[in-house]
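Some notes on the structure that comes next.
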Amino acid sequence: MAAVELRGVRKSYGSGKNALEVIHGIDCSVADGEFIVLVGPSGCGKSTLLRMMAGLEEISAGEIAIGGRVVNQLEPKDRDVAMVFQNYALYPHMSVRENMAYGLKIRGVAAAEIATRVERAAAMLELAPYLDRRPRELSGGQRQRVAMGRAIVRNPQVFLFDEPLSNLDAKLRVQTRMELQKLHREFNTTSLYVTHDQVEAMTLGQRLIVMNAGVAEQIGAPMEVYAKPASTFVAGFIGSPAMNLLRGEAQGDRFVTTATSAAIALATPAPPLSIHLPVPAPRDGPLVLGLRPEHLVPASAGAARFGFAVEMVESLGADSYAYGLGGGGTLIARVAAGTVPVVDEVLPLTFAAQHMHWFDAANGKRVA
Amino acid sequence: MEKRVIFKNWWLPLLLVAPQLAVTLVFFVWPASQALYGSLFVEDAFGTSSEFVGVQNFLGLFNDGYYAHSFGITVLFSVAVAGLGLGVSLLLAVFADRVIRGARLYQTLLIWPYAVAPAIAGVLWMFMFDPSVGVAAWALKRMGVNWNHLLNGHQAMALVVFAAAWKQVSYNFIFFLAGLTAIPKSLIEAAAIDGAGPARRFFDIVFPLLTPTTFFLLVVNIIYAFFDTFGVIDAVTQGGPAKATEVLVFKIFQDGFKGQDYGGAAAQSVILMLIVVALTVAQFRYVEKKVNY
């Protein structure tokens, strides 16, 4: 087990004038035994960053240290890390046992020791009956467990997971997610986990690194990221459904949305909203107001801070989502099952002061 | 599931396979049956009469020291050609697989020799190694090797092996390269993280996963060495010196057309046919057993 340090880590492809930088300097300290989730949309550089830690990609600038040792120039085999790949990368010509034993065999561990370690890992992962099968004879979930077993038997300093659950079906994903948590509690090995799924990120990570276009937008505990997103990107990415982001002008306790051109061509242009704020905005002028759908509460017409015309309702049983237009885009409000909003009617809404998120209109950074 | 078409009438499917059947019948079945038929007869030197002798031609072959010798030569030649051809092409393919810049150009250039006809390839090598005018022969002599494949049987063998393997390298290369490309990069990466160095990764992961390709190529190369190298041998050594490079196909030509022993040559062809059938059956058995991982 070891701490991992990222210091100004950059990655660029090509050289000279044609150089294309894809990771623009990431700094992060991962404590010994911590479970860190790198989360972001496809192409944000999260997998590249993980592969740089594994030694599969060169580090263009900056330093990565594992257990206090700078590993920039070390081969993957000398870094003492284990990685679980998205497609599991099991050796198809070897049995489950051989797959799990391969890393130990290369490192010259005694055969008896290998056997006990493999048996133990197999028992823990419920793979014991399959030890002599080939990977192709296993189901997706079993293959996934073999990939984890291969990492576990090595007892490395760091586990690296590259979207390990994305090839599983929804039910299995939830189950494996819990197993992963259990395994981490048991081994307490420093883990870095890449995913684009924010549910996985929220449930697995002790801390998240939210990445966007090669930049770490925010590093923090899941609830902290949820409660205080550092930018409009994080606000829109973490939380489901996404936070409503309203562009407009603030003046005292009034916030009037600007009728910006929406990303999608809309049949009816969204009318500007005039929102009555519970407390004045942190400053007057152009701002972005973020309101999570789950923090919008239906109110009586008199107490409403704003309202929007409901275009569509999705009922999920426990509660429903009301979709409407306003403030230059789609608005979503979560309403309890009891009050099903009516389509084409204006839904009056209110919200509490502590649920307002303010972002700079120009750079998207959090203001308050 | 495979989609099968059920025809209501019998003549349409027959019509559809007719061209293939015609080609097979005219170019394969008919000559093969002629050879089988011919192998049971002895013709006189003028080709005016033939006499049925049963398996006498075959028995003659088995008692012929030259035939056994030729058989040995062929086995040696085939193993050498297949071994060299596969080894060199695998090495080239592994390197080409790593090349990033200019990979296309490199790969295309490596494929070119396959377009050269065997006889031309043979002539090419013959000129290069000609003891009196060849560039390579001159260079070898400068290095102290007394090169004269016209007199030295071992050198003659080495030369035809090189010439025959050279042509096959590009063919093997394409297949190996395709096979290498088909191996998921993540497997190699997983092995690297597991602690395997480049050589270990190759022998533990890459080579086993290439086995189906390698086996297919082995069969193809052996068949090539057995049957398709007539042009090379004819152009370079004509079976000489002193029958040192007289492989089975060349011996058939020698006995049948130079020696006028039509029946004996036909019997040799039949034996060759049996060998290729056995090889093909072996290949299909194997391929069916381990279709994929």
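Out of all the residues in the stretch B:239-246, is one or more out of contact with any strand residue (DSSP E or B) (no Cβ under 8 Å at 6 or more places or on another chain) and either within 14 Å of another protein chain (Cβ to nearest Cβ) or in a helix (DSSP H, G or I) (or both)? Can you show your working first?
Of all residues in the stretch B:239-246, those out of contact with any strand residue (DSSP E or B) (no Cβ under 8 Å at 6 or more places or on another chain) come to B:239-246.
Checking which are either within 14 Å of another protein chain (Cβ to nearest Cβ) or in a helix (DSSP H, G or I) (or both) leaves us with none.
Within the stretch B:239-246, none of the residues are out of contact with any strand residue (DSSP E or B) (no Cβ under 8 Å at 6 or more places or on another chain) and either within 14 Å of another protein chain (Cβ to nearest Cβ) or in a helix (DSSP H, G or I) (or both).
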Exercise. Can you name the number of the only condition in (1) closer than 23 Å to B:I73 by Cα; (2) away from chain A (no Cβ under 14 Å); (3) among the aromatic types (F, W, Y); (4) surrounded by fewer than 19 Cβ atoms within 10 Å (Cβ to Cβ) that B:F226 fails?
Worked result: (4)
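If you take the residues in the stretch A:335-347 that are surrounded by fewer than 18 Cβ atoms within 10 Å (Cβ to Cβ) and in a strand (DSSP E or B), which one is modelled with the lowest pLDDT?
Taking the stretch A:335-347 first, the residues surrounded by fewer than 18 Cβ atoms within 10 Å (Cβ to Cβ) are A:336-340, A:342-346.
Then keep just the ones that are in a strand (DSSP E or B); that gives A:336, A:346.
Numbers: A:A336: 80, A:V346: 84.
Across the stretch A:335-347, the extreme among qualifying residues is A:A336.
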For this session: Scan A:A333, A:A299, A:A362 and give me the residue that is small (G, A, S) and within 24 Å of the chain's Cα centre (by Cα).
Result: A:A333
For this session: Could you tell me whether A:E294 is surrounded by fewer than 16 Cβ atoms within 10 Å (Cβ to Cβ), under 28 Å from the mean Cα position of the chain (by Cα) and at pLDDT 85 or above?
Result: no
Seminar exercise, completed: (1) of a type in the set (D, E); (2) out of contact with any helix residue (DSSP H, G or I) (no Cβ under 9 Å at 6 or more places or on another chain); (3) assigned by TED's automatic domain parsing to the domain that holds A:Q157 all hold for A:E5 apart from (3)
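When you go through A:M83, A:M124 one by one, which is the residue that is out of contact with any helix residue (DSSP H, G or I) (no Cβ under 6 Å at 6 or more places or on another chain) and touching a residue at least 24 places away in the same chain (Cβ under 8 Å)?
Values: A:M83 fails: out of contact with any helix residue (DSSP H, G or I) (no Cβ under 6 Å at 6 or more places or on another chain).
Result of the check over A:M83, A:M124: A:M124.
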Exercise. Only one of (1) surrounded by fewer than 16 Cβ atoms within 10 Å (Cβ to Cβ); (2) within 12 Å of another protein chain (Cβ to nearest Cβ); (3) under 28 Å from the mean Cα position of the chain (by Cα); (4) not acidic (D, E) fails for A:N87. Which number is that?
Worked result: (1)
Seminar exercise, completed: Going through the stretch A:199-224 in order, the residues found to be under 20 Å from A:T48 (Cα atoms) and of a type outside the set (A, V, I, L, M, F, W, C) are A:E200, A:G205, A:R207, A:N212, A:G214, A:E217, A:Q218
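Okay, residues lined up against (1) at pLDDT 85 or above; (2) more than 30 Å from A:A54 (Cβ to Cβ); (3) in contact with a helix residue (DSSP H, G or I) (Cβ under 9 Å, 6 or more places away or on another chain); (4) not hydroxyl-bearing (S, T, Y):
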position: B:V123; (1), (2), (3), (4): no, yes, yes, yes
position: B:P131; (1), (2), (3), (4): no, yes, yes, yes
position: B:A136; (1), (2), (3), (4): no, yes, yes, yes
position: B:K141; (1), (2), (3), (4): no, yes, no, yes
position: B:A165; (1), (2), (3), (4): yes, yes, yes, yes
position: B:T181; (1), (2), (3), (4): yes, no, yes, no
position: B:L187; (1), (2), (3), (4): yes, no, yes, yes
position: B:D204; (1), (2), (3), (4): yes, no, yes, yes
Exercise. Can you pull out the residues in the stretch A:111-139 that are farther than 14 Å from A:E98 by Cβ and of a type in the set (S, T, Y)?
Worked result: A:T116, A:S139
For this session: Keeping to the stretch B:168-202, report how many residues are crowded, with 17+ Cβ neighbours inside 10 Å, without any contact (Cβ under 8 Å) to a residue 24 or more places away in the chain and more than 7 Å from chain A (Cβ to nearest Cβ).
Result: 3
For this session: Please find, within the stretch A:101-123, the residue that is surrounded by the most Cβ atoms within 10 Å (Cβ to Cβ) out of those that are touching a Gly at 6+ places or on another chain (Cβ under 8 Å) and more than 10 Å from chain B (Cβ to nearest Cβ).
Result: A:V118
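Tell me the helices (runs of 4 or more DSSP H) entirely within the stretch B:91-146 that contain at least 3 residues that are touching a residue at least 60 places away in the same chain (Cβ under 8 Å).
Numbers: elements: B:103-111, B:118-128, B:135-142.
Here the list reads B:103-111, B:118-128.
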Problem set entry | Lone unmet requirement of (1) under 16 Å from the mean Cα position of the chain (by Cα); (2) in a helix (DSSP H, G or I) for A:S166 | (2)
Exercise. Quick one: is A:P129 without any contact (Cβ under 8 Å) to a residue 40 or more places away in the chain and within 22 Å of A:E179 (Cα to Cα)?
Worked result: yes
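Table: residues versus (1) touching a residue at least 24 places away in the same chain (Cβ under 8 Å); (2) surrounded by fewer than 13 Cβ atoms within 10 Å (Cβ to Cβ).
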site	(1), (2)
B:V17	no, yes
B:Q20	no, yes
B:D44	no, yes
B:V55	no, yes
B:V75	no, no
B:S78	yes, no
Seminar exercise, completed: In the stretch A:31-82, anything more than 14 Å from every other protein chain (Cβ to nearest Cβ), crowded, with 21+ Cβ neighbours inside 10 Å and charged (D, E, K, R) is listed as A:K46
Exercise. Of the residues A:D80, A:D32, which single one is in contact with a Ser or Thr (Cβ under 7 Å, 6 or more places away or on another chain) and closer than 27 Å to A:R150 by Cβ?
Worked result: A:D32
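Would you check if B:T211 is assigned to a helix (DSSP H, G or I), within 14 Å of chain A (Cβ to nearest Cβ) and hydroxyl-bearing (S, T, Y)? Break it down into steps so the answer makes sense when it comes.
Working: assigned to a helix (DSSP H, G or I): yes; within 14 Å of chain A (Cβ to nearest Cβ): yes; hydroxyl-bearing (S, T, Y): yes.
Yes.
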Exercise. Quick check: anything in the stretch A:171-180 basic (K, R) and surrounded by 20 or more Cβ atoms within 10 Å (Cβ to Cβ)?
Worked result: no
Exercise. Of the residues A:T258, A:T232, which is away from chain B (no Cβ under 14 Å) and in contact with a Pro (Cβ under 7 Å, 6 or more places away or on another chain)?
Worked result: A:T258
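The values are calculated or read from the model by the stated rules, or taken from the named source; none is laboratory data. Please read all numbers here as calculations on a predicted model, not as lab measurements. No Cβ is skipped: glycine too gets one built from the backbone with ideal geometry, and neighbour counts run over all protein chains shown.
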